[in-house]
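The values are calculated or read from the model by the stated rules, or taken from the named source; none is laboratory data. What you see is a predicted model, and the numbers here were worked out from it, not measured in a lab. Surface accessibility is based on the protein's heavy atoms, side chains included, excluding ligands, DNA and RNA. Shrake-Rupley method; radii C 1.70, N 1.55, O 1.52, S 1.80 Å.
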Amino acid sequence: MKQQVSPKPLTTAHVEQLAQQFDMPDLTLPFWGYRKKMPMHRIVRLEGEGNYTLFHFVDGSQLMVSLTLKKMESRLSSKVFVRPHKKNIINLLYLQDIHPDRQQLTVSLVNGDRVEVSRRKASRFIKQVRGFQQELLALHEDAEPVPMLA
């Protein structure tokens, strides 16, 4: 049974507005001998690969940096970014669907990526998603209601 998290993908303007409300500054990342500023709200997910982190952006581009996922997790906004699995951190602004299954809980992101949620982190992940949805509702009380997870 698939659960819809948001009724439709957020527009770029809406994501940028939410980024300001959630206080999501730019990240400064090491990149080929210099530092590069990247807008945090454009990150869809981060994927850990050993001592490197691969960033997946909303425009489809990717960037690999020589920092661990654990180091990156401490630099990200904990209100918006969650770690459903030891290899991934996702941005809840781009969460599309949650796919519960007897064996494995997975989530779909707006860019088409599908990420597994570890069994140990599943209940905490669902609580984080619900908390995020409550915060969105509080920010936009007069806007369209966001469907909640059962």
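Output wanted: per-residue J couplings in Hz (rounded whole) for the stretch 32-44, from phi through Karplus 6.51 cos²θ - 1.76 cosθ + 1.60, θ = phi - 60°, x for Gly and Pro.
Values, residue by residue: 6, x, 9, 9, 10, 8, 10, x, 4, 6, 8, 7, 8 Hz.
Sequence-distant or interchain residues sharing an amide H contact under 5 Å with residue 105, placed H: which?
117
For the stretch 100-110, take each phi angle, set θ = phi - 60°, evaluate the Karplus expression 6.51 cos²θ - 1.76 cosθ + 1.60, and give the result in whole Hz per residue in order, putting x for glycine and proline.
Running phi through 6.51 cos²θ - 1.76 cosθ + 1.60 with θ = phi - 60° gives x, 8, 4, 8, 8, 8, 10, 10, 10, 10, 5 Hz.
Taking only protein heavy atoms into account and a 1.4 Å probe, give the accessible area per residue of the stretch 45-135 in Å².
Here the per-residue accessible area is 54 Å².
Which entries of 79/121; 70/127; 37/79 show an alpha-carbon separation above 19 angstrom in the structure shown?
Table pairs above 19 Å Cα-Cα are 70/127; 37/79.
Considering only protein heavy atoms, what is the solvent-accessible area of residue 34 at a probe of 1.4 Å, reported in Å² to the nearest 10?
So the heavy atoms of residue 34 present about 120 Å² to solvent.
Please list, in order along the stretch 68-83, the HN-Hα scalar couplings obtained from phi with the Karplus expression 6.51 cos²θ - 1.76 cosθ + 1.60 (θ = phi - 60°), rounded to whole Hz, x for Gly and Pro.
With coefficients 6.51, -1.76 and 1.60, one gets 6, 4, 5, 5, 5, 4, 6, 8, 8, 5, 6, 6, 10, 9, 10, 10 Hz.
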